[in-house]
Each structure stands twice: as C-alpha cells, then as structure tokens.
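Asks: I have a structure I would like to understand better, so I am pasting it below and will then ask my questions one at a time.
The values are calculated or read from the model by the stated rules, or taken from the named source; none is laboratory data. The model shown is predicted, which means the values in this text are computed figures rather than measured ones. When we count neighbours, we look across all protein chains shown, and the Cβ atoms used for this are built from the backbone with ideal geometry, even at glycine. Keep in mind that these areas ignore ligands, DNA and RNA; they rest on the heavy atoms of the full protein, side chains included. Shrake-Rupley method; radii C 1.70, N 1.55, O 1.52, S 1.80 Å.
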Amino acid sequence: ELAKAIADDTTKSFAEREAAAQKAAALTEKRAKLQQAIASSNLSIINRELDLRQKNGEQVEDLLDQQLDAYKALKQAQRDYLLSVRDNQKRESELVQDRLEKDLDILIDGFDNQKTINERIIADDSRTFQERKAKLDETKKLFEDTFAKQIETVQKFTGVQIDSNALINESDAVVLNQKIRGLGLSEIIEGRLLEIIRERRTATQDLADAEKDL
C-alpha cells in the first residue's frame, strides 16, 4: 500500500514513481499468488479428508460444505490474482501516459513561448530585413524540429507508428478523428495527438503569414 501511494504521488519524480509502481506490482502479485496457493492447499486437504472418510464409510456432510467454501475461496483467489495483474498494468500505463503528457507539454509550451518572442522580432521594423528573415528561418527550423519531436515522443511511449503527413493533410475533421481513432491509442492520447496536429496547422499558417508580411 505504501508503494502504491508513492506510485500515485504526483509530487514525486517519475523515477521514484516508476520504481514504487514496480515494487507494488511485484508485492501485490506475490501476495495474490500466495493466497491462491493457500486456497488450493486448503481445498486439497479437504478433498483428501473427504476421500478418506468416504472410504471408511464415515459421514461427510460437514466436509461437503467445507469443500464448497474452499472451492469458492480458491476461485476468489484466482480472480484476485488476475485483478492485481490488471491493476498493476493500469497503474503502469497511467504512469507512462503521465510522462508522455508532461513531455508533450514541455515541447509545446517551449515552442509557443519561443515563437511568441521570435514573432515580435520578425515584426520589428527597427531591425534590418536580414535580421528579421534570419529569425523567421530560425523559427521555421525550431517549428519543424519540435513537431518531429512531438510525434516521436508519442510513438516512443505508445509503440504506434504515426503517419503525421496523412493526418495533417486530412481536411475532413470527421475523417481525421477516424484516422486517429484507428491508431488504437487511449482517449487522452488521442486528444493530445489531435492537439499536436491542430498546433501544427496553426503555426504553419502563422509562419506563412509572417513570411508574407516580411
């Protein structure tokens, strides 16, 4: 429980949370396996005693009830084990998604902030044309590099290859959503990918307008 609490604590570093999640996963699965083994052993003991009594012609009604309870306990232990595995997988997936979102925020916000600063320089009539053109070219390169990094980040964390050009060039919003949905990403990552595509289109238009004005 302590390891789970650390894994869910967003004030901790990702490294601390990931280590705690791994520890929690190992412990909960080990506990679930032990509970399963104990339940299986209990059922086996009752079955052996039941068999022995039946061979000796003794009454077994009380053992039949115990046998049923032991069988139910074993099935519950098996379910608990599966649930612990799924819970651990869910926690791990959430951690991966949190890290992905933080990385995307850094990339997107970093570019937006730099773009705003550069746009002021590009629009500054007191500077020479060469200075402003150089800043525009610098912003374009930063834009391309940042976008490529955003797509790379999504691919790295999801293991899904993304044809970004196909998404950018899709003008039909419904079809675009279908293409993104078809990638099999989580709902949150689908939204972030759509955000990346929209940011790409907006920045492309902004830089084209800046170049035209220049």
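Asks: Relative to the first principal axis of the alpha-carbon coordinates of the chain, what is the inclination of helix 187-213, with its axis defined by its Cα atoms, in degrees from 0 to 90 and to the nearest 10?
Replies: Approximately 0 degrees, to the nearest 10.
Asks: Please give the contour-minus-distance gain from Asp105 to Ile6: 0.36 nm per residue of separation, less the Cα-Cα distance, rounded to one decimal in nm.
Replies: That works out to 33.3 nm of additional length.
Asks: Going 7 Å from the Cα of Asp125 along its beta-carbon direction, which residues of segment 200-214 have the amide nitrogen within less than 18 Å of the resulting point?
Replies: 210-214
Asks: Just to confirm my numbers, what's the Cα centroid distance between segment 148-214 and segment 49-112 in Å?
Replies: That distance is 38 Å.
Asks: Points 7 angstrom from Cα along the Cβ direction at Lys156 and Ser40: gap in nanometres?
Replies: For the pair Lys156/Ser40, the computed spacing is 4.1 nm.
Asks: Please give the helix 61-122 orientation as an angle from the longest Cα principal axis of the chain, in degrees from 0 to 90, rounded to the nearest 10.
Replies: The two axes meet at around 10 degrees.
Asks: Roll a 1.4 angstrom probe over the protein heavy atoms and tell me the percent of accessible area of segment 1-100 that is carbon or sulfur.
Replies: 52
Asks: If you don't mind, another one. Tell me the per residue accessible area of segment 1-160 using a 1.4 Å probe; a whole number in Å² is fine.
Replies: 65
Asks: Which length gain, in nm to one decimal place, applies between Ala26 and Asn177 when the Cα-Cα distance is subtracted from 0.36 nm times their residue separation?
Replies: 50.5 nm is the gain from fully extending Ala26 to Asn177.
Asks: Note the angle between two axes, namely the Cα long axis of helix 129-158 and the longest principal axis of the Cα atoms of the chain, as a number of degrees from 0 to 90, rounded to the nearest 10.
Replies: Approximately 10 degrees, to the nearest 10.
Asks: Ok, one more. Which one of Ala173, Phe111, Val96 has its Cα pushed farthest toward the positive end of the charge dipole of segment 96-180, where Lys and Arg give +1 and Asp and Glu give -1 at the Cβ?
Replies: Result: Phe111, furthest along the dipole toward the positive end.
Asks: Once all Cα-Cα distances of the chain are split into 5 Å bins that start at 0, what whole-number percent is in each one?
Replies: Calculated over all Cα pairs of the chain, the distribution is 1, 6, 11, 10, 10, 9, 9, 8, 7, 6, 5, 4, 4, 3, 2, 2, 1, 1, 1, 1, 0, 0 percent.
Asks: How are the Cα pair distances of segment 120-175 distributed, in percent, across 10 Å bins from 0?
Replies: The distribution over segment 120-175 is 20, 30, 26, 20, 5, given as percents.
Asks: If you stretched the chain out fully between Leu142 and Glu211, how much longer would it get, using 0.36 nm times the residue separation minus the C-alpha to C-alpha distance?
Replies: Working: separation 69, 0.36 × 69 = 24.84 nm, distance 1.53 nm.
Net length gain for the segment: 23.3 nm.
Asks: What distance in nm separates the two pseudo spin-label positions at Lys75 and Asn47, each 7 Å out from Cα along the beta-carbon direction?
Replies: 1.5
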